[in-house]
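Here the structure comes first, spelled out in structure tokens, and everything after it is commentary.
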Amino acid sequence: NSGVMSLLRPLLLDVVPTIQQTAALALGRLANYNDALAEAVVKGNILPHLVCSLSEQNRFYKKAAAFVLRAVGKHSPQLAQAIVQSGALEMLVICLEDFDPGVKEAASWALGYIARHNAELSQAVVDAGAVPLLVLCIQEPEIALKRIAASSLSDISKHSPELAQTVVDAGAIAHLAQMILNPDAKLKRQVLSALSQIAKHSVDLAELVVEAEIFPVVLTCLKDSDEYVKKNGATLIREIAKHTPELSQLIVNAGGVAAVIDCIGSCRGTVRLPGIMMLGYVAAHSENLSMAVIVSKGIPPLCACLVEEHEDHIKAAAAWALGQVGRHSAEHARAVAVANVLPILLAMYMDTRSSDDLQLKASIFSLKNILEKCTYLPALEPLLHDAPTNIMKHIVGQFSKVLPHDSKARRLFVTTGGLKKVQEIKAEPGSLLQEYINTINNCYPEEIVR
């Protein structure tokens, strides 16, 4: 408000180097504060000054100038675009070859902040020639430089298969895979994130990540003391598992399902989410893979997530995963039903406070999936008391399938009060539900029904 921007701009061209650097640092801190100030830097015509002096100044100035570019570029795609138009990318890429690791780090950081907004900006960073140099930066000895370079590769890869392929073609995967065991937690976070962003796009890219022999090494990350390392490790496994039954089978063979189940059991909150989703994807692929989740005792921790978590989106993921486990056959459905999941899912569906995602997608999807296969009547009977009509027809439908062929179940159904409950259901005459009820009633002598 006091007009400081216009006072700082001429100082960028001062004859005293220290004044230039300090002026750049002051501009960077202002721009970092919020997008309005970052816009003032752009409108004040400061970028051309920075860019023009980036090439000829000393390392202190280069770091300060790269800091200003990062501070401006981080706020929005529009501001990042202004940096691209000022011709700064070429200068930042030249800085990636600087002798000083701090200059490389500052340049990597600025490039990553520009690339993270969208595919166009990321492509601009690629076109400027940044990727091969960032891959060289992750091989440098300085941990801080490795971290930022890995983070920038992650930001470039995330938008499209083509951009991820550019990073792969530069040889990034092998170097990233070697760093999964690095003791530095912050570096591991970025490395796992970069590999996830590459693997997520396609089967081919996921296979390239797997071929770098990340299994079983990556499973150690699920036991890491750092929550983000755990989460990013589980995310990487999820992004690989989702593509094909073969990739999921490979993860199962490496002990990945058991490791993810342990991980879900040992943590709370959003750290659990990628692991929950991973189990759902694995189970969705085939009967055998779903059975692998059941045999590895995956159902109890998923049920625990339904009960313990407060966030609807985590509960919804757990409900969805349980539906994927239970939807294949009567045996799969029984394994889920025995864990007393059905009443919980029904309560979530009926709860008016549940989000649409939890209520309409996850709970009802899983309930119907499991009910269509479940012939384990003791788990279904409690639901006869509270279920709404749209669910009731699935439940009663299963009774109408099993009771005609199972005399023991018929006896139990009378003694536990199930038959009485069925008489109380109000069904539309001629509806499917009414047909099911008639089929059940026909299993018994008329006086018992009365």
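Annotations for the structure displayed:
- Computed on the chain, the Cα convex hull volume stands at 162 Å³ per residue.
- When you restrict to C-alpha pairs under 8 Å that are six or more residues apart and normalise by the size of the stretch 263-374, the relative contact order lands at 27 percent.
- The solvent-accessible area of Met350, taken with every protein chain present and a 1.4 Å probe, is close to 90 Å².
- For q = 0.15, 0.17 Å⁻¹, Debye-computed log10 I/I(0) when each Cα of the stretch 309-450 counts as one equal scatterer: -0.72, -0.90
- Residue-by-residue Karplus 3J(HN,Hα) for the stretch 147-164, coefficients 6.51, -1.76, 1.60, Hz, glycine and proline x: 4, 5, 5, 5, 4, 5, 5, 4, 5, 6, 6, 6, 7, 7, x, 5, 5, 4
- Charge sum, other residues only, whose C-beta stays under 14 Å from Gln434's C-beta, Lys/Arg counted +1 and Asp/Glu -1: -1
- Each residue of the stretch 76-91 was assigned a 3J(HN,Hα) from its phi angle through the Karplus expression (A = 6.51, B = -1.76, C = 1.60, θ = phi - 60°), giving 7, x, 5, 5, 5, 4, 4, 5, 4, 5, 6, x, 6, 4, 4, 5 Hz with x at Gly and Pro.
- Estimated at 0.36 nm per residue, the fully extended path between Arg353 and Asp386 surpasses their Cα-Cα distance by 10.1 nm.
- Alpha-carbon Debye profile of the stretch 1-78, log10 I(q)/I(0) at 0.14 Å⁻¹: -0.37
- Relative contact order computed over the chain (Cα-Cα under 8 Å; 6+ residues apart), in percent: 7 percent
- Value of [θ]222 nm, deg cm²/dmol, for the chain, DSSP H segments ≥ 4, -39500 (n - 2.57) each, nearest 500: -21000 deg cm²/dmol
- The heavy atoms of Thr352 offer some 130 square angstrom of accessible surface to a 1.4 angstrom probe.
- Point-to-point label distance, Asp169-Asn45, nm (Cα→Cβ direction, 7 Å offset): 4.0 nm
- The stretch 149-203 and the stretch 73-132 have Cα centres lying 17 Å from one another.
- Percent RCO, i.e. relative contact order, over the stretch 388-449, from Cα pairs under 8 Å lying at least 6 residues apart: 43 percent
- For the stretch 211-337: rounded, prolate or oblate by the Cα gyration tensor [a/c cutoff 1.5]: oblate
- Where a label projected 7 Å from the Cα of Val295 along Cα→Cβ would reach, residues of the stretch 208-235 with amide N under 16 Å: none
- Three-way shape label, the stretch 381-424, alpha-carbon gyration tensor, a/c 1.5: oblate
- For the stretch 388-449: rounded, prolate or oblate by the Cα gyration tensor [a/c cutoff 1.5]: prolate
- One chain, two ends: Glu142 and Asn118. Fully extended at 0.36 nm per residue, the span grows by 5.8 nm beyond their Cα-Cα distance.
- Links that overshoot a 32 Å alpha carbon limit, given the list Lys242/Lys421; Lys373/Lys421; Lys297/Lys421; Lys146/Lys315; Lys62/Lys230; Lys186/Lys368: Lys242/Lys421; Lys297/Lys421; Lys146/Lys315; Lys62/Lys230; Lys186/Lys368
- Angle between the chain longest axis and helix 273-285 axis [Cα atoms, degrees, rounded to 10]: 60 degrees
- Where the alpha-carbon atoms of the stretch 69-108 are placed on the principal axes, they occupy 31, 17, 8 Å, in descending order.
- Residue among Ile314, Ile46, Ile237 with the largest mean-square fluctuation in a Gaussian network model of the chain, springs linking Cα atoms under 10 Å: Ile46
- Near Asn340: Cβ cut-off under 14 Å, other residues only, Lys/Arg at +1 and Asp/Glu at -1. The net charge is 0.
- Highest-fluctuation residue, Gln85, Gln359, Gln398 considered, GNM on the chain with Cα pairs under 10 Å: Gln85
- Once the Cα-Cα distance is subtracted from the 0.36 nm per residue extended length, the Ser329 to Ser266 segment shows a gain of 19.7 nm.
- The Glu424 and Lys368 beta-carbon pair, evaluated with R₀ = 22 Å, returns a calculated FRET efficiency of approximately 0.45.
- Nearest-10 value in Å² for the accessible area of Arg116, using the 1.4 Å probe: 80 Å²
- Gyration tensor over alpha-carbon atoms, the stretch 79-136, equivalent ellipsoid semi-axes in Å: 18, 11, 10
The values are calculated or read from the model by the stated rules, or taken from the named source; none is laboratory data. The structure displayed is predicted, hence computed values, not measured ones. Glycine gets a Cβ as well: all are built from the backbone with ideal geometry, and neighbour counts include every protein chain shown. Calculation scope for accessible area: heavy atoms of the full protein, side chains included, ligands and nucleic acids excluded. Shrake-Rupley method; radii C 1.70, N 1.55, O 1.52, S 1.80 Å.
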